[in-house]
Every structure is written in structure tokens, then in C-alpha cells.
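See structure below.
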Amino acid sequence: MRHLFTTLSRLLFPLRVGAAALLFALPAAVCVICLPGRERRRRAAHRAGRMVFPLAGIPLKVSGFDNLPQGPCFLACNHASYLDGPLLMAVLPPRFGFVSKREVTRVPLLGRLMARLGSEFVERFDTKTARNDANRLIQLARDGVSLGVFPEGTFYREPGLQRFHLGAFIAATRAGIPVVPMIIHGSRDMLPDGTWWPRPGDLWVEMLEPIFPAGKRGDDARTLCVAVRAQILAHCSETERIHARMQPAPTTISAKQE
């Protein structure tokens, strides 16, 4: 009997997730887009995110959030699934914005929603645009803006932590603000890349102690990047990807630039 119940739960789980997305998440996204004021939109999106996961039958466990500084900071998180973005929106305080690849702007509704929430879009392929985007992140960090970033840049179906791009760590180093390592557990198993058929499971969001840059030079940014990645790698359930190295990935802005 228990086996039958488990089987039925697994079969019905995608239907529950789909119903929560269509009947709640989609209308909520439209409402958020229409709201006036960025802060109001962020608060509404945060509340909606806190509701949609339980409605979809996805338990959320969070830990270590007392490590989140009261002042400005960057939050660096591993990236494993399309669930990661909505999950960060649900668990992070509304004062956080998000950094996303510019291709998201071409996704109907999602691109508009992210723009209305004040997300920062960065170019991955055009060098000149990417350099301007990186400089903009530096200025935002100096202005005291807190951002959540996925320094891997993208994700794959196969497990493994990839190399980190250096841009966010240069911005944090120049501004003298800490970077908080954050780990999402379970999202790759629940919704791996290449499928829209979710599997039952638990999501656990773990936040570690903030890491401060030692100085404001390029080498300090690289050291910060390596330290944050090492902490995430030590606490997540995945190993490094075979092609990945502890050294940060090349960036479009010089780490030596003052």
C-alpha cells in the first residue's frame, strides 16, 4: 500500500507543480509586472515565491540566514536548474536584485518580469557590451546595491560545479563589500536541464559566512573568487566538473584595472 501511495505521489507531483504554476505563479507574475514601484514589485514577488513552492508540494528548508550582512553585499550561488532563480526570489530579502544573462530578456513574460524587478542583465558573448556591463556592476556595488549572482554563468544536466566568472568578485573587491557563499541543494535532481517534468524532492538553501576581500586589487578579486568557490564546493553535494579548475574563468574587464 505504501509503495502504491509513493508511486501515485510521484505521478501526480508534476501535475501539482503545473497547476501551481498556471493557477498561481503565472497570474502572480502578471500582477507583479503591473504594480507601480520597484520595491513594491520586489516585495510582491518575494511573497508570491514564498507561497508558490508549498502550493506546488515542494518543501523549502533554509539555514544560515543569520550570516546575511545587514549592509550591502553580493551573494554567490551555485547554479543547477531553472528552479534556482525563482527559489532565490522566494528566500532572499526584497532588497536583493539579481544578475542574469542577457538572453533572458528574450523570454516572453520572464524577461519583462526580471526587468521590472530591477535585474541587471549581462552580455556573455559581445566583448564591448560585456565590458560595459561589468563596469556597471562595479558602480552598483560602490553605490551599496546588494545583488544575487550565479558566477558559473549557466548550468548543465550533468552534476558538477563549474569555473566561476570573475566579474562579480571584481565589483565586490573594488567596492570593499563581502561576498556571501550560498548553496542550493536538490534543484538539479528535481528539475534537471533538458526536461520540464519535475521530480519530487526537497530543496535546501544554505547560506555560509560572508567572505571579505583582502584589498581592492585584481589579485584580491581572484583570491576572493577562489575562496568563495572553495566554500561552495566544500558544502554542496557535487564535485568539480572535469573541465573546471579552481582558477576563475576569464573576464571581460581587467582585474588589474584600478
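Neighbours of residue 205 by Cβ distance under 11 Å: Lys/Arg scored +1, Asp/Glu scored -1, total -2. Each peptide among 206-213, 27-34, 190-197 gets the average number of other Cβ atoms lying within 10 Å of its residues, and from highest to lowest they stand as 206-213, 27-34, 190-197. For the chain, a crude dipole built from +1 on the beta carbon of Lys and Arg and -1 on the beta carbon of Asp and Glu, taken about the Cα centre, is about 620 debye to the nearest 20. Dividing the summed -39500 (n - 2.57) terms of all DSSP H runs of n ≥ 4 by the residue count of the chain sets its mean residue ellipticity at 222 nm at -13000 deg cm²/dmol.
Both numbers refer to the Cα atoms of the chain; Rg and Dmax are 18.4, 67 Å.
A simple packing score, the average count of other Cβ atoms within 10 Å per residue, orders the peptides 140-152, 43-55, 158-170 as 158-170, 140-152, 43-55, with the highest score first. Using C-alpha pairs below 8 Å separated by at least 6 residues, the relative contact order for the range 58-235 is 33 percent.
For the range 1-151, a simple Cβ point-charge model (Lys and Arg +1, Asp and Glu -1, everything else neutral) yields a dipole of about 300 debye relative to the Cα centre. Largest mean-square fluctuation among 128, 216, 101, in a Gaussian network model of the chain whose springs join Cα atoms under 10 Å apart, belongs to 128.
Ranked by the mean number of other Cβ atoms within 10 Å of their residues, highest first, the peptides 119-126, 225-232, 60-67 come out as 225-232, 119-126, 60-67. What is the range 11-103 by shape, rounded, prolate or oblate, if you read a ≥ b ≥ c off the alpha carbon gyration tensor as root eigenvalues and call it rounded for a/c under 1.5, prolate for a/b larger than b/c, and oblate otherwise? Judged from the Cα gyration tensor, the range 11-103 comes out oblate (a/c at least 1.5, b/c at or above a/b). Show me, bin by bin at 5 Å from 0, the whole-percent P(r) of the range 23-70 based on Cα pairs. Going out from 0 Å in 5 Å bins, the range 23-70 shows 4, 19, 22, 19, 17, 13, 6, 0 percent. Close amide-amide hydrogen proximity is noted between residue 120 and 98, 99, 100, each under 5 Å apart and 5 or more residues distant or on a separate chain (H modeled in the peptide plane; Pro and chain starts excluded). Quick check: net charge around residue 80, other residues with Cβ under 11 Å of its Cβ, Lys/Arg +1 and Asp/Glu -1? Result for the local shell: -4. Each other residue within a Cβ distance under 12 Å of residue 177 adds +1 if Lys or Arg and -1 if Asp or Glu, for a net charge of +2.
Annotation: the antiparallel percentage among DSSP beta bridges lying fully within the chain is about 20.
FYI, it's all coordinate maths here, none of it is from the lab. This is a predicted model, so every value here is computed, not measured. Note that each Cβ is placed from the backbone with ideal geometry, even for glycine, and that neighbours are counted across all protein chains shown.
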